[in-house]
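Chemist: Encoded as structure tokens, here's the structure I'll be asking about.
The values are calculated or read from the model by the stated rules, or taken from the named source; none is laboratory data. Everything numeric here is computed off the predicted structure, so don't read it as measured data. When we count neighbours, we look across all protein chains shown, and the Cβ atoms used for this are built from the backbone with ideal geometry, even at glycine. Please note that ligands, DNA and RNA were not included when accessible areas were found on the heavy atoms of the full protein model with its side chains. Shrake-Rupley method; radii C 1.70, N 1.55, O 1.52, S 1.80 Å.
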Amino acid sequence: MVRLLNVYTISGFASLAGVMYGFDVASMSGVVGTQEYKSFYGNPLGVRQGGVTGAIAAGSLIGALSSSFLGDRLSRKVAIQFGTILWCIGASLQSSSTGIPMLVIGRVISGVCIGLTSSLVPIYQSEIAPRKIRGRVVSLQHFAIAWGILIMYFVQYGCSFLHSEAVFRLPWALQTIPAVLLFIGLFWLPRSPRWLASKDRWDEVLQVLAFLRTPNCDINDPLVLAEYKEIEEQIRVERDEESNSYRELFGKKIRKRLFLGMAVQCWSQLSGVNVLLYFIVYILQSASISNELFFSSIQYIIFVVATIPTILWTDQWGRRSSLLVGSLSVGFWMYLMGGIFARYGEPNPVSDQPYTWVIIGRPAASHTIQASVYLASASFAMSWGPIEWIYPPEIIPLRIRAKAVSFSTATNWITNFALALAIPPLLRTIRWGVFIIFGSFNVFAFIHVWLQVRETKQCTLEEMDEIFEHGEPVWRSFTGARYSGRLEALAKEIERNKLHMSRPVQIGVYDNVERNGIAK
């Protein structure tokens, strides 16, 4: 247990990037309904407000696409630090903005940081985590996002009583705090052992693995040596193939996994959670829920609490089953909200509102909408929310992992940007039909997951080629247990036979293996 504390501590601290992401998500939801924001920025509605909200997604697309180059060249850790600098610049521009153009520029710059960190932090976490708890470790990213949303929303809720421009300027300025902490703290965190291996820094690979896997940094521990050997073998195989280009991503062997990672990110956004997270105030107002700012906060509390079971048990439940159950449950609540708005709603008598369909004088229907919002958020937080960050990094080989994850994360932000632009006008035009559309997307996601998504729980990153190339049929893939055990078997062999650790010539053999502390 002690040896796992290093992994949890490092991954938890790296998840401060998720807090920044959460600050981004909530940075608009708590202020769009305030009179101060409307007065200062000219009451933006429809596509105009969608452009402000979606600006950060546009920047995130740029950041996601550049993350592979920076992550491979600078290391995951240094690239994340670079992103925190951009975040501070963007937050400063937002908090001092004099109009919508300056606000949009600030949000685009902040978005570049979010694109970088949302790609690289899950990669970093997955590359330092033992296979048995990899899902739990990477799901800390989503847990941090949920906390970021909650914290920022309450900051904005408290600032809403200031009755000045501080209502929106102060929360936007406070976004810099986690970025500064993350930038400074990363100096004391290790680099990814698998990134170090890709750079032939084998001394550091062994030292980092010992630090992460043993309480006393024992480089002779059999499990440390076994994992080292497995990484070494994987690097050798990848280098024998002599390919690390974008062409390989779209080759016959990898493209299915690439598109699968992109699909998981896309379906996550199309689940409809963005409607609930970005525009919860509009939904509750259209359902005639008074004190909507307070009741919106309940959704964010539920979002945090519902993530905890996934953190604890995702490596037992599995990725595939979580996605299947999540699609059905979120889809059900979306259909229910759409049906209630269609049955009990009517045109909004006030024309200058961001929504044109309201429920008036029907408290039971209004409270059912409110409860459905909460339950849909909880369903997402227990399924798609964490898995969308766990799955894409773990199914791709090391040599092209950063490139593939940059594409999957870019898909997330393309979809996010499109929805941010589309949702405000859709709420004014097709009204309750928005919820029917998202409910249908969840049905399509269920079908796709059932036919294409393989289970990867409990498997090492180096076993993924075996799973996807020689595994059982997808629709029977509810357990990864049959692929597990190779690492432990190798550790037992090392312990039993005192297996010598020698490096192949292609990687760069150390003439004296004893300087690594491994007896010949």
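Chemist: For Ala376, which of the numbered conditions (1) closer than 27 Å to Lys132 by Cα; (2) open to solvent by less than 20 Å² (accessible area, probe 1.4 Å); (3) assigned to a helix (DSSP H, G or I) fails to hold?
Modeler: Exception for Ala376: condition (1).
Chemist: Please go through the stretch 26-51 and pick out each residue that is assigned to a helix (DSSP H, G or I), hydrophobic (A, V, I, L, M, F, W, C) and open to solvent by 10 Å² or more (accessible area, probe 1.4 Å).
Modeler: Answer for the stretch 26-51, where residues must be assigned to a helix (DSSP H, G or I), hydrophobic (A, V, I, L, M, F, W, C) and open to solvent by 10 Å² or more (accessible area, probe 1.4 Å): Phe40, Val47.
Chemist: So Leu182 clears everything in (1) within 30 Å of Arg496 (Cα to Cα); (2) among the hydrophobic types (A, V, I, L, M, F, W, C); (3) buried (at least 18 other Cβ atoms within 10 Å of the Cβ) except one condition, right? Which one?
Modeler: Result: Leu182 passes all but (1).
Chemist: So, Lys229, is that one open to solvent by 50 Å² or more (accessible area, probe 1.4 Å), touching a helix residue (DSSP H, G or I) at 6+ places or on another chain (Cβ under 8 Å), under 30 Å from Asn442 (Cβ atoms) and touching a residue at least 40 places away in the same chain (Cβ under 8 Å) or not?
Modeler: Considered against the rule, which asks whether it is open to solvent by 50 Å² or more (accessible area, probe 1.4 Å), touching a helix residue (DSSP H, G or I) at 6+ places or on another chain (Cβ under 8 Å), under 30 Å from Asn442 (Cβ atoms) and touching a residue at least 40 places away in the same chain (Cβ under 8 Å), Lys229 comes out as no.
Chemist: Would you confirm, using the coordinates I've provided, whether Gly18 is outside any helix (DSSP H, G or I) and more than 19 Å from Val208 (Cα to Cα)?
Modeler: no
Chemist: Which of (1) among the polar types (S, T, N, Q); (2) assigned to a helix (DSSP H, G or I); (3) open to solvent by 10 Å² or more (accessible area, probe 1.4 Å) does Asn216 not meet, given it meets every other one?
Modeler: Status for Asn216: all satisfied but (2).
Chemist: What are the residues in the stretch 58-78 that are in contact (Cβ under 8 Å) with a residue 12 or more places away in the chain, of a type in the set (D, E, K, R) and more than 15 Å from Trp389 (Cβ to Cβ), if any?
Modeler: Asp72, Lys77 - these are the residues of the stretch 58-78 that are in contact (Cβ under 8 Å) with a residue 12 or more places away in the chain, of a type in the set (D, E, K, R) and more than 15 Å from Trp389 (Cβ to Cβ).
Chemist: Here's a follow-up. Within the group Gly71, Gly54, which residue is closer than 24 Å to Leu140 by Cα, at pLDDT below 95 and surrounded by 24 or more Cβ atoms within 10 Å (Cβ to Cβ)?
Modeler: Going through Gly71, Gly54 in turn, the sole match is Gly71.
Chemist: Another question, if that's okay. With the requirement that a residue be over 15 Å from Leu61 (Cα atoms), aromatic (Phe, Trp, Tyr) and open to solvent by less than 10 Å² (accessible area, probe 1.4 Å), what does the stretch 395-437 give you? Give the steps one after another, and end with the answer.
Modeler: Narrowing the stretch 395-437 to residues over 15 Å from Leu61 (Cα atoms): 395-401, 422-437.
This time we only want the ones that are aromatic (Phe, Trp, Tyr), so: 432, 435.
Answer for the stretch 395-437, where residues must be over 15 Å from Leu61 (Cα atoms), aromatic (Phe, Trp, Tyr) and open to solvent by less than 10 Å² (accessible area, probe 1.4 Å): just Phe435.
Chemist: So, one more: Residues being open to solvent by 50 Å² or more (accessible area, probe 1.4 Å) and farther than 9 Å from Phe446 by Cα: count how many of those fall in the stretch 324-345. Before the answer, list the steps.
Modeler: At the first step, the residues of the stretch 324-345 found to be open to solvent by 50 Å² or more (accessible area, probe 1.4 Å) are 325, 328, 332-333, 335-336, 343-344.
This time we only want the ones that are farther than 9 Å from Phe446 by Cα, so: 332-333, 335-336, 343-344.
Summing the residues that are open to solvent by 50 Å² or more (accessible area, probe 1.4 Å) and farther than 9 Å from Phe446 by Cα in the stretch 324-345 gives 6.
Chemist: Return the only residue of Ile85, Ile105, Ile100 being under 21 Å from the mean Cα position of the chain (by Cα) and either farther than 30 Å from Asp200 by Cα or surrounded by fewer than 24 Cβ atoms within 10 Å (Cβ to Cβ) (or both).
Modeler: On the way: Ile105 fails: under 21 Å from the mean Cα position of the chain (by Cα); Ile100 fails: under 21 Å from the mean Cα position of the chain (by Cα).
Going through Ile85, Ile105, Ile100 in turn, just one is under 21 Å from the mean Cα position of the chain (by Cα) and either farther than 30 Å from Asp200 by Cα or surrounded by fewer than 24 Cβ atoms within 10 Å (Cβ to Cβ) (or both): Ile85.
Chemist: Considering the stretch 318-354 alone, what residues qualify as being in a helix (DSSP H, G or I) and touching a Lys or Arg at 6+ places or on another chain (Cβ under 8 Å)?
Modeler: The answer is Arg319, Arg320, Phe341, Tyr344.
Chemist: Hey, Cys159 hits all of (1) modelled with pLDDT of 85 or more; (2) open to solvent by less than 50 Å² (accessible area, probe 1.4 Å); (3) in contact with a Leu (Cβ under 7 Å, 6 or more places away or on another chain); (4) over 30 Å from Gly90 (Cα atoms) but one; which does it fall short on?
Modeler: Unmet condition: (4).
Chemist: Something else: Within the stretch 175-182, can one find any residue that is polar (S, T, N, Q) and within 26 Å of Val138 (Cα to Cα)?
Modeler: There is at least one residue in the stretch 175-182 that is polar (S, T, N, Q) and within 26 Å of Val138 (Cα to Cα).
Chemist: Continuing with the same structure: So which residues in the stretch 199-213 are modelled with pLDDT of 90 or more and open to solvent by 10 Å² or more (accessible area, probe 1.4 Å)?
Modeler: Passing the criteria: Lys199, Asp200, Arg201, Asp203, Glu204, Gln207, Val208, Phe211.
Chemist: A follow-up question, please. The conditions are (1) open to solvent by 30 Å² or more (accessible area, probe 1.4 Å); (2) in a helix (DSSP H, G or I); (3) more than 14 Å from Val32 (Cβ to Cβ), and Ile311 fails exactly one of them. Which is it?
Modeler: Every listed condition holds for Ile311 apart from (1).
Chemist: Quick one: in the stretch 109-150, which of the residues that are free of Cβ contacts under 8 Å to residues at least 60 places away in the same chain and open to solvent by 10 Å² or more (accessible area, probe 1.4 Å) is nearest to the chain's Cα centre (by Cα)?
Modeler: Looking at the filtered set, the residue picked out is Val112.
Chemist: Now, a different point. Taking the stretch 311-345 as the region of interest, how many residues are of a type in the set (A, V, I, L, M) and closer than 17 Å to Val449 by Cα?
Modeler: Result for the stretch 311-345: 5.
Chemist: Also: Give all pairs with beta carbons closer than 7 Å in which a residue from the stretch 246-273 that is within 26 Å of Val25 (Cβ to Cβ) meets a residue that is assigned to a helix (DSSP H, G or I) and among the acidic types (Asp, Glu); count only pairs at least 6 apart in sequence or on separate chains.
Modeler: Cβ pairs passing all conditions: Val264/Glu388; Gln265/Glu388; Ser268/Glu388.
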